[in-house]
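Beneath this line is the structure, given in structure tokens, with notes to follow.
The values are calculated or read from the model by the stated rules, or taken from the named source; none is laboratory data. Please read these numbers as outputs of a predicted model, since none were measured by experiment. Glycine gets a Cβ as well: all are built from the backbone with ideal geometry, and neighbour counts include every protein chain shown. Each accessible area value is taken on the protein alone, full model and side chains, heavy atoms only, with ligands, DNA and RNA left out. Shrake-Rupley method; radii C 1.70, N 1.55, O 1.52, S 1.80 Å.
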Amino acid sequence: MDKLIEIVQTITGMGASAILPIIITILGLVFRMKLGDAVKAGLTVGVGFIGLTLVVGLLNTSLDPAVAYYSKMGSGFTITDIGWPAVGAASWMAPFAGLAIPIGLVLNLLLVRLKLTKTLNVDIWNYMHFLVPGALAYFIFDNFFIGLAVTVVLSVLALFVGDWVAPIWQEYYGLEGTTCTTIIHTGWTFVVAWLMNKIIDLIPGLNKLDISLEGVNKRIGVMGEPVIIGTIVGVLLGLLTRQGITEIIPMGMGVAGVMVLMPRVVSVLMDGLSPIGKAAKDFMQKQMGEDADLNIGMDVALGLGDPTTTTVTVISIPLVMLCALALPGVKTFPIGILMSIIYMSVMTVMASKGNLLRSIITTVLFCVIILYLGGYVAPGATEMLNGAGVGLKGQGTDFVLTGPWSILMYWLSTIFG
């Protein structure tokens with residue numbers, strides 16, 4: 001088992017930009033693509049993900065001065081928001097981690113073959129989102145089989161949720177032949193944002209406001225271009241957080257760069273995925289009939305090509321920090337959460353159908369919910385993290401541990417533990 005875990009960790013440790021070219025190439029060959037075309041598609045997807053990583057890094061760097069400004073204002077917070085990278089790494093310490101991916105892949109292929117799902121999840125990198133709740137269950141219940149069962153059930157649930165969101169995902173983002181299988185976002189962020197939009201539909205006045213970047217662009221011309229909006233938003237954030245001119249200008253240019261570059265790197269990624277999607281569809285129809293269809297399950301980051309997601313992210317970050325400072329009973333200052341807001345915005349924007357105002361409202365409110373739930377689950381999260389050898393001083397928590405499945409398990413442990 002230890003050897004299997006070591007092999008899986010070695011593979012996943014290479015990162016999405018290294019794993020995906022291998023997986024996409026193999027899938028291309030399975031779907032009867034020529035070797036050269038399959039390799040080209042795989043490498044193009046890898047290059048696309050490298051671009052995504054670099055652009056997200058640029059956004060984080062551009063916003064660092066604002067984050068530092070608000071961090072200095074915070075005091076009295078007793079729970080550390082450690083961020084998803086540390087939690088994800090800790091989840092691999094669960095003894096069943098090496099079994100999770102092969103079992104999940106076999107079940108996925110079986111369910112596709114039986115026509116019970118149209119989603120083929122190739123996002124091996126994000127098996128972390130199944131493992132984290134599984135590891136939580138293992139450490140709080142001290143039971144190997146409960147932990148493994150939670151992990152496998154979530155990997156299967158992600159397929160059916162992927163089927164559900166696929167039409168909405170493809171219609172809004174134009175990502176034909178794909179769906180999202182990042183379960184913490186499809187089965188949690190999107191669901192909450194969808195419900196919030198239903199509530200907004202009932203609020204007179206607010207339900208009539210439809211503000212989109214496209215609409216802004218039409219009304220104010222060149223001032224509505226993504227590069228201009230990005231610069232203005234970055235500069236305003238710098239002014240709001242009392243930065244010097246040497247910080248304000250790089251912040252403005254950094255956000256502008258993200259607004260312009262993000263759609264382009266996503267288009268590179270899609271250049272690699274499109275031939276795979278077509279080959280998969282043709283193959284499935286030959287094998288299973290004309291009514292057969294297949295969607296490639298991918299990371300939520302695939303939706304970052306929409307400029308609205310970046311705009312929502314940049315505006316939401318300071319608002320979330322202000323909420324943490326102002327609201328009663330918040331024990332966690334949102335530092336790790338900030339790394340996830342850009343991915344949350346993919347779902348909140350999709351649920352709001354590009355309405356900028358609704359997207360900001362739902363993103364901020366969702367983060368407020370996360371702040372409170374993160375505090376609630378912190379004792380269980382801390383037990384998991386310390387059991388995995390993280391060695392926290394005090395309590396720790398993270399967004400990926402606030403999904404309804406994790407909250408349910410922690411609640412059950414408080415009753416039966």
Odd one out for L237 among (1) at pLDDT 90 or above; (2) open to solvent by less than 30 Å² (accessible area, probe 1.4 Å):
(1)
Which residue out of D291, D282, D299 is among the charged types (D, E, K, R) and modelled with pLDDT of 85 or more?
D299
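Considering the range 312-352 alone, what residues qualify as being assigned to a helix (DSSP H, G or I), within 16 Å of I82 (Cα to Cα) and touching a strand residue (DSSP E or B) at 6+ places or on another chain (Cβ under 9 Å)? Don't jump to the end; show me each part of the working.
Residues of the range 312-352 assigned to a helix (DSSP H, G or I): 312-326, 338-351.
Those still in the list that are within 16 Å of I82 (Cα to Cα) too: 321, 324, 338-341.
A324, L338 - these are the residues of the range 312-352 that are assigned to a helix (DSSP H, G or I), within 16 Å of I82 (Cα to Cα) and touching a strand residue (DSSP E or B) at 6+ places or on another chain (Cβ under 9 Å).
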Subset of the range 361-401 (residues that are among the hydroxyl-bearing types (S, T, Y), over 18 Å from M347 (Cα atoms) and buried (at least 24 other Cβ atoms within 10 Å of the Cβ)):
T397
Can you list residue pairs whose Cβ atoms sit under 7 Å apart, with the first residue in the range 49-76 being closer than 25 Å to M298 by Cβ and part of a helix (DSSP H, G or I) and the second being at pLDDT below 75 and open to solvent by 20 Å² or more (accessible area, probe 1.4 Å)? Count only pairs 6 or more apart in sequence or on different chains.
F49/S17; I50/S17; T53/S17
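Being open to solvent by 10 Å² or more (accessible area, probe 1.4 Å) and farther than 30 Å from L116 by Cα is the requirement here; does S267 meet it? Before you say what the answer is, go through the steps one by one.
Values: open to solvent by 10 Å² or more (accessible area, probe 1.4 Å): yes; farther than 30 Å from L116 by Cα: yes.
So S267 passes the test.
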Restricted to the range 86-135 and to residues being open to solvent by less than 30 Å² (accessible area, probe 1.4 Å) and β-branched (V, I, T), the residue nearest to P167 (Cα to Cα) is T119
Sole miss for V364 among (1) in contact with a strand residue (DSSP E or B) (Cβ under 8 Å, 6 or more places away or on another chain); (2) part of a helix (DSSP H, G or I) is condition (1)
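What's the total number of residues in the range 240-252 that are without any contact (Cβ under 8 Å) to a residue 24 or more places away in the chain and surrounded by fewer than 18 Cβ atoms within 10 Å (Cβ to Cβ)? Explain how you work it out, then say what you get.
The initial filter retains those residues of the range 240-252 that are without any contact (Cβ under 8 Å) to a residue 24 or more places away in the chain, namely 244-246, 248-249, 252.
Narrowing the set further to residues that are surrounded by fewer than 18 Cβ atoms within 10 Å (Cβ to Cβ) leaves 244-246, 249.
Residues that pass the stated criteria total 4.
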Meets criteria (of a type outside the set (A, V, I, L, M, F, W, C) and either open to solvent by less than 10 Å² (accessible area, probe 1.4 Å) or within 25 Å of I199 (Cβ to Cβ) (or both)) for G336:
yes
